[in-house]
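The values are calculated or read from the model by the stated rules, or taken from the named source; none is laboratory data. Values in this document were obtained by computation on a predicted structure and should not be read as measured data. Every residue, glycine among them, receives a Cβ derived from its backbone with ideal geometry; neighbour counts consider all protein chains shown.
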Amino acid sequence: MVDPRIQVRNLSIAYGNRRVLEDVTLDVHANEILGIIGPANSGKTSFLNAINRMDKMRPDMRITGSILINGIDTRAWRNLYALRRRIGVVFPLPVGLPLTVYDNVALAPRLAGTAGSREDLDERVERCLRRAALWDEVKDRLHHLGSLLSGGQQQRLTIARALSQSPEILMLDEFSIAVDPVTTMRIEEALKTLKTEMTIILVTNLVQQAHRLADRTAFFLNGALVEVGVTEPMFHGQTRDPRTSDYIEGKFG
Amino acid sequence: MTDPRSDRRRPADARDRHWYIDKFFEILMFLCGISAILFVVGIFLFVFREGLGFILQDMNFSEFFFSPKWRPTSLVRPTYGILAMVAGTAAVTVLAMAICLPVSIGAAIYIAEFAKGRTRETLKILIEFLAAIPSVVWGFIALSIMNPLIIDLFDAPMGLGVLNSALILALMAAPIVTSLAEDAFKAVPDTYREAAEALGATRWQAIRQVVLPAARNGLLSAGLLGVGRAFGETMAILMSSGHSINIPTSIFDSFRALTATIAAELGETAVGSPHYRALFAIGIFLFLITFLINMAADFIVRGVRKG
């Protein structure tokens, strides 16, 4: 039943001499939402960056340990772009590329050379926008600049863009930081549907968001994985480490 | 404490003195700012006053713009046609930009996107060094190095002409275009590159699809300033062009530039003579063109963006 899509083994990350993540070992199962919670500076974002090998953009970032996706070590990928194509990423602040709404979503298919005919691409763009719960709001202004949308719409646009390459893994990094509560709820609903098609890693600063969405939750603190477990019991006090329940109950963090 | 007032009032501190200094500098900076405008207006008025007499009295409009015959010293009938010079200046500017822009933008992409650490710093210093070479030195290079080189390589009768000038101008404009283009690339937020790469874009795809469009305005204005630089250059052109009045038909033809004409002839004319004033009319023409180029660059930088 359990299908480990991502296996992280003894992962440590450092920027120069500053260690941000220490000896993390955990699995992410196929078609689950893994919530990652923890206070600021606990290494959550670096964890995501390690998975899609964004360390290549940060020359001082050093990674030890291993990350296996479908059993293959991410460092075995000589062509990183092929790896990143399987992973969709949504950043904390929406990055509306200086393109139209349509072109934002069509970017990945075009980069891949799989855009196909105009009709195919139109359909694909519409499907991605629908799945990101944005279609109804932008269908009349597909050819306006994406950066003219509101913050919440832009964030859903980045989700649509991440979906456009049909990723196996979707990683969201505190996506609701610049989004209003109503939009947050709509995105959360969308994620519950998407789960059936892909594996989702959700880094969140909202403990309740992890409770609502995550099948399992991992708690990071000061660069260490304190514990990872099934969400429901964790949120009902069944934690192995007292710090986890303290954080969940809002005693610190 | 001995002064009874200091008990009740807060003692005067440095800020009370600095208030006056603050005011003083505010006025000083205002004057500096205003002076830039005054100088531009002053120069414009001066050039206009000297050239206006020619435009109103001696100038034959169609001869000035459409005749290639510039014979201001003719004793029989002096003619003042700038067509050949306009053609020469235009030809050399276009060719210089055709050489300069691809190389400069390529260099800027390398410096801004690929080069790291010492390579990057060294390149930037070298490019700044290139900008610091005086134009007369460029002219010297044109005469003593490029001239024989062009004769040898292309078996041309003469090495001074459009090609020589364009190469020199391209080299002269390259540093400013490169560093402005690099600024334009640096102004593109890194988040764009990360977002593109997270979508599986290769470095080149990210640059081509995301960074270049985002930097478009900055690149256009860099190009226009390069055009302005090439257009207004005088000494290097005077030395590399061959300076003969002639509408160039090949890149090896000699030509004469508008700027070089003023530089070469102004010292030998009688103040107030038609020749003298005709040169100022050319000055007005140059002034208007460079003004338009700079305005265009400015508008583009402000971003006349469409949604």
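Give the residue, chosen from A:GLY43, A:GLY35, that is touching a Lys or Arg at 6+ places or on another chain (Cβ under 8 Å), crowded, with 21+ Cβ neighbours inside 10 Å and closer than 26 Å to A:ARG212 by Cα.
Details: A:GLY43 fails: touching a Lys or Arg at 6+ places or on another chain (Cβ under 8 Å).
It is A:GLY35.
Which ones in region A:134-159 are farther than 28 Å from A:ALA40 by Cβ, more than 11 Å from chain B (Cβ to nearest Cβ) and of a type in the set (A, V, I, L, M, F, W, C)? Write out each step before concluding.
Going through region A:134-159, the residues farther than 28 Å from A:ALA40 by Cβ turn out to be A:134-146, A:148.
From what's left, more than 11 Å from chain B (Cβ to nearest Cβ): A:134-140, A:142.
A:LEU134, A:TRP135, A:VAL138, A:LEU142 - these are the residues of region A:134-159 that are farther than 28 Å from A:ALA40 by Cβ, more than 11 Å from chain B (Cβ to nearest Cβ) and of a type in the set (A, V, I, L, M, F, W, C).
Where residues in region A:69-91 are in contact (Cβ under 8 Å) with a residue 40 or more places away in the chain and surrounded by 17 or more Cβ atoms within 10 Å (Cβ to Cβ), which of them is farthest from the other protein chains (Cβ to nearest Cβ)? Can you show your working first?
Step one: filter region A:69-91 for residues in contact (Cβ under 8 Å) with a residue 40 or more places away in the chain, giving A:69-71, A:85-91.
With surrounded by 17 or more Cβ atoms within 10 Å (Cβ to Cβ) added as a condition, the list becomes A:69, A:85-91.
Details: A:ILE69: 14, A:ARG85: 4, A:ARG86: 8, A:ILE87: 8, A:GLY88: 8, A:VAL89: 4, A:VAL90: 9, A:PHE91: 7 Å.
Filtering first and then ranking leaves A:ILE69.
Residues in region A:218-247 that are under 20 Å from the mean Cα position of the chain (by Cα), more than 19 Å from A:ASP23 (Cβ to Cβ) and touching a residue at least 60 places away in the same chain (Cβ under 8 Å): how many?
Total satisfying the criteria: 1.
Anything in region A:1-48 that is of a type in the set (Lys, Arg) and in contact (Cβ under 8 Å) with a residue 12 or more places away in the chain? List them, or say none. Even if it seems obvious, please write down each step before you answer.
Taking region A:1-48 as the starting set, the residues that turn out to be of a type in the set (Lys, Arg) are A:5, A:9, A:18-19, A:44.
Residues satisfying the conditions are A:ARG5, A:ARG9, A:ARG19, A:LYS44.
Would you mind stating whether B:VAL47 is under 29 Å from B:SER244 (Cβ atoms) and either in contact with a Gly (Cβ under 6 Å, 6 or more places away or on another chain) or at pLDDT below 90 (or both)?
Yes.
I'm trying to understand the selection: among the residues of region A:127-137, which are surrounded by 20 or more Cβ atoms within 10 Å (Cβ to Cβ) and either on the phi > 0 side of the Ramachandran plot or in a helix (DSSP H, G or I) (or both)?
Filtering region A:127-137 for residues surrounded by 20 or more Cβ atoms within 10 Å (Cβ to Cβ) gives A:128-129, A:132-134.
If the condition is that a residue be surrounded by 20 or more Cβ atoms within 10 Å (Cβ to Cβ) and either on the phi > 0 side of the Ramachandran plot or in a helix (DSSP H, G or I) (or both), then A:CYS128, A:LEU129, A:ALA133 are the ones that fit.
Which residues, taken from region B:197-222, are more than 7 Å from chain A (Cβ to nearest Cβ) and within 23 Å of A:LEU170 (Cα to Cα)? If you could, list the steps in order and put the result at the bottom.
Step one: filter region B:197-222 for residues more than 7 Å from chain A (Cβ to nearest Cβ), giving B:203-204, B:206-208, B:211-212, B:215-222.
Residues satisfying the conditions are B:ARG203, B:ALA206.
Please determine whether any residue of region B:99-115 is within 14 Å of chain A (Cβ to nearest Cβ) and out of contact with any Leu (no Cβ under 7 Å at 6 or more places or on another chain). Outline the logic, then answer.
Of the residues in region B:99-115, the ones within 14 Å of chain A (Cβ to nearest Cβ) are B:113-115.
Restricting the remaining residues to those that are out of contact with any Leu (no Cβ under 7 Å at 6 or more places or on another chain) gives B:113-114.
Checked against the condition, which is being within 14 Å of chain A (Cβ to nearest Cβ) and out of contact with any Leu (no Cβ under 7 Å at 6 or more places or on another chain), region B:99-115 yields at least one hit.
Would you say B:THR259 is buried (at least 23 other Cβ atoms within 10 Å of the Cβ) and under 27 Å from B:VAL137 (Cβ atoms)? Break it down stepwise before answering.
On the way: buried (at least 23 other Cβ atoms within 10 Å of the Cβ): no; under 27 Å from B:VAL137 (Cβ atoms): yes.
When the stated conditions are applied, B:THR259 does not pass them.
Quick one: count up the residues across region B:269-306 that are outside any helix (DSSP H, G or I) and within 25 Å of B:ARG77 (Cα to Cα).
Going through region B:269-306, the residues outside any helix (DSSP H, G or I) turn out to be B:269-273, B:303-306.
Checking which are within 25 Å of B:ARG77 (Cα to Cα) leaves us with B:269-273.
Of the residues in that region, 5 qualify.
Which residue pairs have Cβ atoms under 7 Å apart, sit 6 or more places apart or on different chains, and have a first residue in region B:96-122 that is in the same structural domain as B:LEU171 (by TED's automatic domain parsing) and a second that is assigned to a helix (DSSP H, G or I) and charged (D, E, K, R)?
Partner pairs satisfying both residue conditions: B:ALA108/B:GLU182; B:ILE111/B:ARG120; B:ILE111/B:LYS124; B:ILE111/B:GLU182; B:ALA112/B:GLU182; B:ALA112/B:LYS186.
Evaluate the following for A:ILE51: is it of a type in the set (A, V, I, L, M), away from every other protein chain (no Cβ under 12 Å), within 29 Å of A:ASP246 (Cβ to Cβ) and buried (at least 18 other Cβ atoms within 10 Å of the Cβ)?
Spelling it out, it is not the case that A:ILE51 is of a type in the set (A, V, I, L, M), away from every other protein chain (no Cβ under 12 Å), within 29 Å of A:ASP246 (Cβ to Cβ) and buried (at least 18 other Cβ atoms within 10 Å of the Cβ).
Which ranges mark the helices (runs of 4 or more DSSP H) fully within region B:154-254 that have 2 or more residues being among the hydroxyl-bearing types (Ser, Thr, Tyr) and crowded, with 18+ Cβ neighbours inside 10 Å?
Details: elements: B:162-186, B:190-198, B:203-206, B:216-232, B:235-240.
Helices (runs of 4 or more DSSP H) meeting the threshold: B:162-186.
Here is a yes/no grid of residues against (1) more than 9 Å from every other protein chain (Cβ to nearest Cβ); (2) modelled with pLDDT of 90 or more; (3) at positive phi:
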{"site": "A:ARG58", "(1), (2), (3)": "yes, no, no"}
{"site": "A:GLY65", "(1), (2), (3)": "yes, yes, yes"}
{"site": "A:VAL95", "(1), (2), (3)": "no, no, no"}
{"site": "A:ALA106", "(1), (2), (3)": "yes, yes, no"}
{"site": "A:ARG110", "(1), (2), (3)": "no, no, no"}
{"site": "A:THR114", "(1), (2), (3)": "yes, no, no"}
{"site": "A:ASP122", "(1), (2), (3)": "yes, yes, no"}
{"site": "A:VAL125", "(1), (2), (3)": "yes, yes, no"}
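For every residue, the table says whether it meets (1) farther than 30 Å from A:TYR15 by Cα; (2) outside the structural domain of A:THR204 (by TED's automatic domain parsing); (3) within 22 Å of the chain's Cα centre (by Cα).
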{"position": "A:PRO59", "(1), (2), (3)": "no, no, no"}
{"position": "A:GLY65", "(1), (2), (3)": "no, no, yes"}
{"position": "A:SER117", "(1), (2), (3)": "yes, yes, no"}
{"position": "A:LEU129", "(1), (2), (3)": "yes, yes, yes"}
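Hey, can you tell me all the residues within region A:139-169 that are surrounded by 22 or more Cβ atoms within 10 Å (Cβ to Cβ) and among the aliphatic types (A, V, I, L, M)?
A:LEU157, A:ILE159, A:ALA160, A:ALA162, A:LEU163
In region B:255-268, which residues are without any contact (Cβ under 8 Å) to a residue 60 or more places away in the chain and either farther than 25 Å from B:LEU171 by Cβ or in a loop (DSSP other than H, G, I, E, B) (or both)?
Taking region B:255-268 first, the residues without any contact (Cβ under 8 Å) to a residue 60 or more places away in the chain are B:260, B:262-264, B:266-268.
Those that are without any contact (Cβ under 8 Å) to a residue 60 or more places away in the chain and either farther than 25 Å from B:LEU171 by Cβ or in a loop (DSSP other than H, G, I, E, B) (or both): B:LEU266, B:GLY267, B:GLU268.
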